[in-house]
């Protein structure tokens, strides 16, 4: 079996795929993958040719110019968009349904449907709102209170939905307390960064907090979160270090690390704004 090629950055979306790849690697010894880190500070995700793969083009694998993307040499197939990537990997490389449910299993089709529902709920809800909150809280060139309130409050509302769903459960989908699945790979990375999006620990319920810790305690999750780190020149690399991810779990994160937070945000703001200007100039 040839290794899957992952093009990624240490963002929540990037971590979803690298975490699942690590879970597959732990579950199936023959499974392998390799990583090409994209540098957002250089806007490499918009380049026709990635510096590490001069014979290929990143936009060939991801025509939208967004990470993550994979190339599967075993099927000569590229996939972009996190949900599509997770579903492809699950279908092709999880034959024992360790992270999913087969149609021949009791309630298998219903459980798979539930997994898809939670995957798309994250994509259409938590991911969108948290990403927007990130931007207005950390990266906007000016403080726009309406934008901050709109997306922080919506993120909190969605966390409330999850809080109720996780009552008496360990994982999003499955009988009883649930089974760890692709739905959890997809949900966890955005949740871990809630403090960076302006949602303090005091506004996150105990079920969601315990769910975050339960994911973080999985060896493959930790390794996958670090695997997605960007090149050293990118601020996302700093946000993806084990040290910083651990700090994010501290209840007094915002107050305790205010200076460090502001520096990271200011550094990131520069290339975020530059990337937006470069995109606008290409239109």
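Points to keep in mind about this one:
- Annotation note: of 224, 198, the sole residue that is crowded, with 20+ Cβ neighbours inside 10 Å, at pLDDT below 95 and either under 22 Å from residue 94 (Cβ atoms) or assigned by TED's automatic domain parsing to the domain that holds residue 20 (or both) is 224.
- Residues in the range 16-37 that are closer than 15 Å to residue 67 by Cβ and either over 18 Å from the mean Cα position of the chain (by Cα) or crowded, with 22+ Cβ neighbours inside 10 Å (or both): 16, 17, 18, 19, 20, 21, 37.
- Selection count where residues are surrounded by 12 or more Cβ atoms within 10 Å (Cβ to Cβ), out of contact with any helix residue (DSSP H, G or I) (no Cβ under 6 Å at 6 or more places or on another chain) and part of a loop (DSSP other than H, G, I, E, B), scope the range 76-112: 5
- Among the residues of the range 97-114, the ones that are touching a residue at least 12 places away in the same chain (Cβ under 8 Å) and within 26 Å of the chain's Cα centre (by Cα) come to 7 in all.
- Of residues in the range 160-170 being over 19 Å from the mean Cα position of the chain (by Cα) and assigned to a helix (DSSP H, G or I), the one farthest from residue 9 (Cα to Cα): 164
- In the range 19-41, the qualifying residues are those that are touching a strand residue (DSSP E or B) at 6+ places or on another chain (Cβ under 9 Å) and modelled with pLDDT of 95 or more, and the one that is farthest from residue 75 (Cα to Cα) is 22.
- Scanning the range 123-157 for residues that are surrounded by 21 or more Cβ atoms within 10 Å (Cβ to Cβ) and either outside any helix (DSSP H, G or I) or within 14 Å of the chain's Cα centre (by Cα) (or both) returns 126, 127, 129, 130, 134.
The values are calculated or read from the model by the stated rules, or taken from the named source; none is laboratory data. Keep in mind it's a predicted model, so treat the numbers as computed, not measured. Every residue, glycine as well, gets a Cβ built from its backbone with ideal geometry; the counts of neighbours run over all protein chains shown.
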